[in-house]
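Since every read-out is calculated from the coordinates, none of them should be taken as a lab result. In this text the structure is predicted, and so the values were computed from the model without any measurement. Here the Cβ positions follow ideal geometry from the backbone for every residue, glycine too, while neighbour counts run over all protein chains shown.
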Amino acid sequence: MAHHAPTGADSSSAQSGASSSSPRSPKILDGKTLSRAVARTAAARVSEIRAKVGRAPGLAVILVGENPASKTYVASKHRFAKECGLETFDAHLPASVSASDLRKVIEGYNANDAVDGILLQLPLPAPLDGAEFVRLIAPEKDADGLHPANQGLLLQGAPAPRPCTPLGVMVMLDLALSGVEVNDSTTLADIPKASLAGKSAVVIGRSQLVGKPMGFLLLERNATVTFAHSKTSDLPAVCRAADVVVAAVGVPKLVKRDWVKPGAIVLDVGINRMPDGKLCGDVAYDEVAPVASAITPVPGGVGPMTVAMLISNTVENCARRNGITP
Ligand code: NAD
């Protein structure tokens, strides 16, 4: 496979003036800092909604069982929601809960007008099937953007909650291409939505949760998108052709330095627990960072943005349900 000339995939690579072969300092896309910008944006929107609707947006969180990772995620979603001024509702059900009791809880939140976002923390303990229960959530109250009706609206490009992880990745991509430095007063309004016209993007992974919706969000911005997956032949060559690489695989350090075109933007969704207990992504960060123009760390990259976009989705669900325009 021939090596490609640098494309100047973003403004930061152009600013750095680095050549295609020399190591450069990539822009580190810090998800924790960027998630604060989402929080400020959401908090301002909550005030606006409160003034118009007479109440704050409500998020209902349903946790089934005692999975420690799920409990941690739920706690951070709660914390974020509270910080942004949302009202929160809680259902912590035992792993032994019956399907009909779980259905009743979801239906109760569907009927409760104070609830705008319903999060059913996945995975559910066996034998409960997560997909089956996600379908019971009222689509307009779907906080995760995973209801089939909302996935259909994504394909149509129509307004609807989008899946949180890919949505967070898009904000990180906007930041990468913006030249904006996030500070204590930055909001999402300061980060222009990037056009990806003329750029190529590869998404590694084709899950319902991340890979597929990710590809469609990139397509909405006019990227030329390739979906790569476990049956793709010569994955390194497919990646090397891309200006934007999104890795959502679940294989530690799969993406190597020579898979990445110099100047490419690398967004790492993977969260892998290593034998020493540390977390790492799907990208071999230390070797890839010097060739990328921008890259997300793991931890502290896409993860915090997923939580932030869940809150943002809930706030926007409330706005949409009350006829408040974006
Ligand atoms: P998944 O297992 O549902 O899908 C993985 C995808 O990777 C599949 O489509 C498969 O075809 C592809 N794949 C597997 N092995 C491959 C290989 N060797 N080469 C190329 N493609 C391969 O996983 P998922 O739910 O999409 O999650 C992917 C990763 O992202 C996991 O590490 C998960 O923990 C993480 N994740 C992170 C967040 C976050 O907030 N940061 C959110 C969701 C998922």
Open item on the list: I'm trying to understand the selection: among the residues of segment 267-325, which are in a strand (DSSP E or B), among the hydrophobic types (A, V, I, L, M, F, W, C) and touching a residue at least 24 places away in the same chain (Cβ under 8 Å)?
Closed with: Leu267, Cys280, Val283, Ala294, Ile295
- [ ] Look at segment 291-313 and say how many of its residues are within 8 Å of the ligand (Cβ to nearest atom) and more than 15 Å from the chain's Cα centre (by Cα).
- [x] 0
Open item on the list: Condition first: within 11 Å of the ligand (Cβ to nearest atom) and touching a Pro at 6+ places or on another chain (Cβ under 7 Å). Now tell me which residues in segment 209-258 satisfy that.
Closed with: Leu209, Val210, Pro213, Met214
- [ ] Search segment 275-290 for residues being closer than 16 Å to Leu29 by Cβ and among the small types (Gly, Ala, Ser), and hand back the single one that is farthest from the ligand (Cβ to nearest atom).
- [x] Ala289
Open item on the list: Condition first: of a type in the set (D, E, K, R) and either more than 20 Å from the chain's Cα centre (by Cα) or not in a loop (DSSP other than H, G, I, E, B) (or both). Now tell me which residues in segment 123-152 satisfy that.
Closed with: Asp129, Glu132, Arg135, Glu140, Lys141, Asp142
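Here's the yes/no breakdown for (1) closer than 25 Å to Lys104 by Cα; (2) assigned to a strand (DSSP E or B):
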| site | (1), (2) |
| --- | --- |
| Thr41 | no, no |
| Arg50 | no, no |
| Leu63 | yes, yes |
| Glu66 | yes, no |
| Lys71 | yes, no |
| Val74 | yes, no |
| His78 | yes, no |
| Gly85 | no, no |
| Thr88 | yes, yes |
Task: Set Leu188, Leu175, Leu120, Leu155: member being under 20 Å from the mean Cα position of the chain (by Cα) and surrounded by fewer than 15 Cβ atoms within 10 Å (Cβ to Cβ) - done: Leu155
